[in-house]
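Here is the structure we will look at, set down as structure tokens.
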Ligand code: SF4
């Protein structure tokens, strides 16, 4: 039995009858939480990490073996919000590049549009609809996926998103939750509460929009009890999918400053396997697992340095679950 969780590739194939690939888009959005008056950003945010790996054209020369570099200035995102016309043109260029790449690598596959970078609902309704429309006008897409914060989804934005259900097979919102524990949200300086998440997922579900909740494991504020509390929140709110990230300490973040002072460490693989299994066993088997590890370019990753590549991790996770005889959801209702 491989894998022992509800994996994303199989879920997409089951839903749409074929392989589906995302085209990640940077719509030139900003983030309300990075403004120093609003909180100065999350502890783990380096202002560049929110940009998809695929779009980091100035980092293409770096490989998995590249050494860690403290010098992040060379990767700093330039000016964020340009004119709406420039942003539309940029979105359409990025999508064209995405198709070019996928046509070469995975010809004949389905495609989805993924507004990924920063907070993709943080703008006027006119700008949001102009950008989403411009993206969808470039072709035929399976899903429209919008990544955002739980406190940045007013009703008018939820209604706008719901309207796109006529143009794609599913509309998804990826909600950065990170943890079901208020103490951890404060530690991460997320600037939102668990209640923001509860209210936003309820509003999205009421409009027929699917939700993928982002979670972070390995926080210094969390042990088994806290991970189980996050699992309980997932069971109660029933997102259609989750993404799990292992804590990464990245140059240029407040977390990195703590790391330099010896105040925090990121868990290595064995601990992430333990935490992941604990969470997976306590959430429903039908929730799709879209991701199980973080994906930070090695040259910007201070810790953990010895974490293996994704494939090695997934096989190790599956092996440990096999040895235990555990599967996703087997501790729900026990
Ligand atoms: S919400 Fe996202 S973009 Fe904004 S500060 Fe946090 S991690 Fe960075």
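The values are calculated or read from the model by the stated rules, or taken from the named source; none is laboratory data. Everything numeric here is computed off the predicted structure, so don't read it as measured data. Neighbour counts are summed over all protein chains in view; Cβ atoms, including those assigned to glycine, are modelled from backbone coordinates with ideal geometry.
So here's what we get for this one:
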read-out	value
Odd one out for residue 213, checked against (1) farther than 21 Å from residue 142 by Cβ; (2) within 16 Å of the ligand (Cβ to nearest atom)	(1)
Residue among 322, 262 that is surrounded by fewer than 16 Cβ atoms within 10 Å (Cβ to Cβ), free of Cβ contacts under 8 Å to residues at least 12 places away in the same chain and more than 20 Å from residue 176 (Cα to Cα)	262
Within segment 278-297, tally of residues that are in a helix (DSSP H, G or I) and in contact with a helix residue (DSSP H, G or I) (Cβ under 6 Å, 6 or more places away or on another chain)	2
Residue list for segment 164-188, restricted to those being within 16 Å of the ligand (Cβ to nearest atom) and either part of a helix (DSSP H, G or I) or at pLDDT below 95 (or both)	184, 185, 186, 187
Residue in segment 189-208 that is farthest from residue 150 (Cα to Cα), counting only those that are part of a loop (DSSP other than H, G, I, E, B) and within 16 Å of the ligand (Cβ to nearest atom)	189
